[in-house]
Every structure is written in C-alpha cells, then in structure tokens.
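K.L.:
Please find one structure pasted underneath; my questions will follow.
The values are calculated or read from the model by the stated rules, or taken from the named source; none is laboratory data. This structure is a prediction, so every number in the text was calculated from the model and none was measured. We place every Cβ from the backbone using ideal geometry, glycine too, and count neighbours over all the protein chains shown. Keep in mind that these areas ignore ligands, DNA and RNA; they rest on the heavy atoms of the full protein, side chains included. Shrake-Rupley method; radii C 1.70, N 1.55, O 1.52, S 1.80 Å.
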Amino acid sequence: MDNINPKWFIYGAIFLGVIIYSNSGSSSGESQQGEEVMLPTQGLITTLQETSKDLFKISDETEIDKKEESLVIANYMDSTSDTFTLEQIKLYYANGGEGSPRLSGLATAASFGFMGYMMGRSMRSPVRAGAYMDQKTFNKVNNNAGSSIRRTATRTTKPSSGKSGYGGSKSTRSYGG
C-alpha cells in the first residue's frame, strides 16, 4: 500500500466526477429526449380572503372543466369582493406586476396555490401550505382540487436543449425581478 502513486487517486476522483456529472440529468427527470412537463387541463376557481391590509390567504380552490374559465375571487375585509379572470392575472404579471398593492397581494397569494399552475408555474414545484387560511383548508384543497388537477394534467416532453454552456442558445439577459 505504501507504493500507491497519489496521481491515481486524482485520476480516479476525476473519472468518478465525470461519471456522476454525465448521469446527473437522468436523476432530475431529464433524459436524452428531454424533460417531462405537466400541464393542467382543468381550471380552478380560487377564493381569497384578505387577512390584513393587502395580504391574502386562500380560503378555497375548486376545480372546473375549462382552464380558460379559471377565476380568482377576492373577498376584502371591508366586505366587498372582486373577481379576476386568469387572463387578467397573467396580464398583471406580464406588465411587470405594476398596479395596486391590493392586486399584487392577491395575485401573489393565488400564485402560491394550485392557481399558480394555471399561471404558468411548473407543476413540479410544490404548493405552499402557508398560502392557505389554515392546515385544514390546505388538506381539503390538496385532496380534492389538487388531486384532480394533478391526475388530469397532460404530460408532454420538452425538447432537451443541452446543458448550459454546451451548445445551447439560451439568452442570459434577465427581465423583471
């Protein structure tokens, strides 16, 4: 054992690193063909409750048949309410989130629930239990609407564009926040 050359340990470590790096895509759901993407096919009606000025929690989410008919209903502390379509919420984000603090608060709260999937958030990202009124509300929505949204989602494969720095033509310019 005293005659082992240290360079072989270095070569072995480099070889092991290359093997681990080359297989890292398959453990994250990525293959040579691309990454599986889930897209919701159903819609949602998300009901929000203002809990303090311009801060909202999800009080209910119910699945509906058509994604394009998704709504966000905001119930305010002053006993008034507003209804927003999915397109209105998406437009708000497309315009850089500019607008009233009230709209910002309700759009953000909705995006942390299952409505976030309708707004374009990856269905691989988890829904935040803290976005709901309480754990009981989260459990109810997760077991009903959430289960239905996940079960009926279409699965498609997004073409692989290569790993960063290896021939991909991805822009590094950042927009928004």
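K.L.:
Roughly speaking, what is the centre-to-centre gap between the stretch 72-93 and the stretch 112-133 when only Cα atoms are used, to the nearest Å?
P.N.:
Result: 16 Å between the Cα centres.
K.L.:
Another one. Under the 0.36 nm per residue contour assumption, what length would be gained going from the current alpha-carbon distance of Thr108 and Thr154 to full extension?
P.N.:
14.1 nm
K.L.:
State the extension gain, in nm to one decimal, for the chain segment bounded by Thr83 and Asn143, taking 0.36 nm per residue of separation less the distance between their alpha-carbons.
P.N.:
Value of the extension gain: 19.1 nm.
K.L.:
Another question, then. Please give me, ordered by residue number, the trypsin sites (Lys or Arg not before Pro) of the stretch 35-128 that lie in loop per DSSP and have at most 13 other Cβ atoms within 10 Å.
P.N.:
Counting only loop positions with at most 13 other Cβ atoms within 10 Å, the trypsin sites (Lys or Arg not before Pro) in the stretch 35-128 are Lys53, Lys66, Arg124.
K.L.:
Let me ask another. Within straight cross-link reach of Lys66, meaning Cα distance under 14 Å, which aspartates and glutamates are found once same-chain residues fewer than 8 apart are removed?
P.N.:
Glu87
K.L.:
Per residue, what accessible area does the stretch 32-106 have, given a 1.4 Å probe and all protein chains present, in Å²?
P.N.:
Here the per-residue accessible area is 57 Å².
K.L.:
Counting only protein heavy atoms, what percent of the accessible surface of the stretch 61-103 is carbon or sulfur at a 1.4 Å probe?
P.N.:
Solvent-exposed carbon and sulfur of the stretch 61-103 make up 50 percent of the total.
K.L.:
Would you pull out the residues with amide H under 5 Å of Gly43's amide H, same chain only if 5 or more places away, H placed 1.01 Å from N?
P.N.:
Under 5 Å from the amide H of Gly43: Ile64, Asp65, Lys66, Lys67.
K.L.:
Would you mind checking the pairs Lys90/Lys140; Lys57/Lys90; Lys67/Lys90; Lys53/Lys140 and listing those with alpha carbons more than 22 angstrom apart?
P.N.:
Correct reply: Lys90/Lys140; Lys53/Lys140.
K.L.:
Shifting gears a bit: Where a Cα-Cα gap under 15 Å defines reach, which aspartates and glutamates qualify for Lys136, not counting those fewer than 8 residues away within the same chain?
P.N.:
Asp60, Glu61
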